[in-house]
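Asker: Once you've had a glance at the structure underneath, I'll fire off some questions.
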Amino acid sequence: MKVDGPRLLDAFRRYLSDHGLPVTHQRLAVAEAIFFAGDHVSAEDIADRVAQRGGPVGTATVYRTLELLVESGLVTEHDFGEGFKRYEPGGGSAGGDPHEHCICSSCGAVTEFSNDRLERMIALLAEEVEFRPHRHRLEIYGLCRRCQQSNPLARAR
């Protein structure tokens, strides 16, 4: 999904200022690593990306900044059952496009998709039981195309 990294970075600066928190180089570097990643990143991925840009940041700073980003609504936290969390820009006030996830249980690849028919179906199902949804999450686990091709027996399951 398309993300406006510069706009999100400005929003994070405002969030920090509005909450009386220092706008530090390390916090901004962590935010940039997520906002410009283009995929779902782990805390370790974030620390590596910051270090590659020449600015190592401590693990505690990464996790504290991730908490702030999630609290601000600018980043969404996902637990895909891998033993660690992944993060992506969007959700809440970040205005990220609604989307779902397909997760490869072999290689861990995450593919995003959106479907208008699915969104309409969710609204109809909720209406049927007189429920007003605020948000939803759909995760489909299986094998990506690459893993299916590399293991033909897995495709037959």
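Asker: Identify the residue in region 126-143 that is open to solvent by 90 Å² or more (accessible area, probe 1.4 Å) and at pLDDT 80 or above and, among all such residues, is nearest to residue 35 (Cα to Cα). Before the answer, list the steps.
Answerer: So in region 126-143, the residues open to solvent by 90 Å² or more (accessible area, probe 1.4 Å) come out as 127-132, 134-135, 137, 141.
Narrowing further to those that are at pLDDT 80 or above: 127-132, 141.
Details: 127: 35, 128: 38, 129: 37, 130: 37, 131: 33, 132: 31, 141: 25 Å.
Here the residue is 141.
Asker: Could you tell me whether residue 146 is under 26 Å from residue 40 (Cα atoms), loosely packed, with under 13 Cβ neighbours inside 10 Å and at pLDDT 85 or above? Write out each step before concluding.
Answerer: Numbers: under 26 Å from residue 40 (Cα atoms): yes; loosely packed, with under 13 Cβ neighbours inside 10 Å: yes; at pLDDT 85 or above: yes.
The answer is yes for residue 146.
The values are calculated or read from the model by the stated rules, or taken from the named source; none is laboratory data. None of these values were measured; they are calculated from a predicted model. No Cβ is skipped: glycine too gets one built from the backbone with ideal geometry, and neighbour counts run over all protein chains shown. Side chains are part of the model used for accessible areas, which takes the heavy atoms of the whole protein and leaves out ligands, DNA and RNA. Shrake-Rupley method; radii C 1.70, N 1.55, O 1.52, S 1.80 Å.
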